[in-house]
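Data first, discussion second: the structure below is written as structure tokens.
The values are calculated or read from the model by the stated rules, or taken from the named source; none is laboratory data. What you see is a predicted model; the values in this text were computed from it and never measured. Backbone-built Cβ (ideal geometry, glycine too); neighbour counts: all protein chains shown. What goes into the accessible areas is simple: the full protein's heavy atoms, side chains included, and nothing from ligands, DNA or RNA. Shrake-Rupley method; radii C 1.70, N 1.55, O 1.52, S 1.80 Å.
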Amino acid sequence: MRDQIWYMILVLGLAGAIAGVALAGVKGMTDPVIESYTLEQKVKPSLEKFFGPAGIDNDYIADRVKLELGKDDLGRMQRLTVFKGKKGAEVTAVVLQTAASGYGGDLTVLTAFDLVNGTILGVKTLDQKETMGLGARTADDTEPFIQQWAGKSFEGGVALKSNGGEIDAISGATISSTAFTEAVSKAVTLLGERNAEIMGE
């Protein structure tokens, strides 16, 4: 009887190990496909909108860089994706992809910076799981909450009016508005702290 139990434990252990390896292999194959789809269908149109009026002439998708930010509380490596916009050899604008915890999970945001004038070119929700009709309005480019960011100076940081800043929150969606603003604020902070790496110096 005891031998049967150990045999069952061994079989289950081997099955678990094989399943783990298989899942890791599948993830390794699907991650690049998902990233490619996201870049082409979600990120690129936003970058064209941000960089087009700024006269950017480089391939900002190919020139993107990823910086390691360290591990989170769960031990997962956090990375910052940076899209650099150049005029000739000079980096005049950048877009940073950051995230913060919203009402329904992570709220991922693209923040475009005009490095010449020190202003925000625009913002875009890349991924969200917020409540329909409330926090999900952060994904609507026609929403006043989204449109108000363009032209704002980022040199002194960004914050909601309730926290002493200039940004109006979405009525009834304080948590989502706060998360979105935190994601943009994170981008502002990282632009300053990791500037040399972002600029490629």
Out of Arg79, Arg64, sole residue that is at pLDDT 90 or above, under 17 Å from the mean Cα position of the chain (by Cα) and under 22 Å from Thr125 (Cβ atoms): Arg64
Complete set of residues in segment 36-76 that are in contact with a strand residue (DSSP E or B) (Cβ under 8 Å, 6 or more places away or on another chain) and over 26 Å from Gly118 (Cα atoms): Thr38, Gly70, Lys71, Asp72
Hits in segment 129-178 - residues which are in a loop (DSSP other than H, G, I, E, B), closer than 13 Å to Ala100 by Cβ and open to solvent by 50 Å² or more (accessible area, probe 1.4 Å): Lys129
Residue ID - surrounded by the fewest Cβ atoms within 10 Å (Cβ to Cβ), chosen from residues in segment 51-66 that are among the charged types (D, E, K, R) and assigned to a loop (DSSP other than H, G, I, E, B): Asp59
Candidate set: segment 128-159, residues that are among the acidic types (Asp, Glu) and free of Cβ contacts under 8 Å to residues at least 24 places away in the same chain; chosen: the one farthest from Ile61 (Cα to Cα): Asp140
